[in-house]
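Written out below as structure tokens is the structure these notes cover.
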Amino acid sequence: MGGKLQMLKTVILLMCCDSIWGGLAPSKHTWTYNIRSTRMSTSNESVAGGETHLNREGRGEYSMSGNLYFNVDVPEEFEVMASIYRSNDGGATYKLEPYSVPRTGVYTAINTFYKDIVMSSAAKCSNFPQFEGKLEHVAAQKFTYDRCILSNDGFPTYVSDGIYKFEVKTFGMVELFFEAIVVVEQKTF
Ligand SMILES: *[C@@H]1O[C@H](CO)[C@@H](O)[C@H](O)[C@H]1NC(C)=O
């Protein structure tokens, strides 16, 4: 139960592309954050890959854009895992946080965490899949996302200051790697 909730929270922060940024909307959250960097890599460009970059939106605030392509249909055996690390020494060392999405089948992840939490938000800034019922096949294609902004709505209202590193890895036909570094700070009222 707690594990599932943590997974949901992780997925929201990792993938959610919502319209709310910082103090623009009412929020109970005591904290805010800014993305510092994103990067991604692939073990085999001819199978799948992509790129990610930040767009400056003003005063140290950024949105995310990029693409993710698959040159082959995504097989059922393809697996994904996400981890969150935290640094309290300016990014010199990181420790694994309890929040994570354990290694799981990609279609399970799509039909639970993605669908329930991310899909409607992703609709606003990307062509990531929109579907009813179950998605059982992702054909070879290119997804693009443009100026997506991560909402912290699904996260705890309190998160301690620090530099956080989010990593998503895949296992199977290709090893994709996505990383985002974000700085969490308490709001000043
Ligand atoms: C990349 O994938 C293709 C298609 O499966 C394969 O032919 C090629 O050997 C792979 N390259 C590397 C470097 O693994």
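Listing for the model above:
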{"item": "Approximate shape of segment 38-140 as ellipsoid semi-axes (Cα gyration tensor, √5λ), whole Å, largest first", "result": "26, 19, 16"}
{"item": "Efficiency of FRET from Cβ geometry, LYS169 and GLN130, R₀ 30 Å, rounded to 0.05", "result": "0.75"}
{"item": "Spatially proximal aspartates and glutamates relative to LYS142 (Cα-Cα < 16 Å; intrachain offsets below 8 disregarded)", "result": "GLU45, GLU51, ASP73"}
{"item": "Over 22 Å (Cα to Cα) - which of LYS165/LYS187; LYS28/LYS95; LYS115/LYS187 fall in this group", "result": "LYS28/LYS95; LYS115/LYS187"}
{"item": "Prolate/oblate/rounded call for segment 47-106, Cα gyration tensor, a/c under 1.5 rounded", "result": "oblate"}
{"item": "Extension gain, GLU185 back to GLN141 (0.36 nm per residue minus Cα-Cα distance, nm)", "result": "12.1 nm"}
{"item": "Residue order, fewest to most beta carbons within 10 Å, for CYS148, CYS125", "result": "CYS125, CYS148"}
{"item": "Contour minus Cα-Cα distance for ASP116 and THR157 (0.36 nm per residue)", "result": "12.7 nm"}
{"item": "Calculated FRET value between SER46 and GLU77, using beta carbons and R₀ = 25 Å, to 0.05", "result": "0.85"}
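Each reported figure results from applying straightforward, stated rules to the coordinates on display, with no laboratory input. Please read these numbers as outputs of a predicted model, since none were measured by experiment. Neighbour counts run over all protein chains shown; Cβ positions are idealised from the backbone, glycine included.
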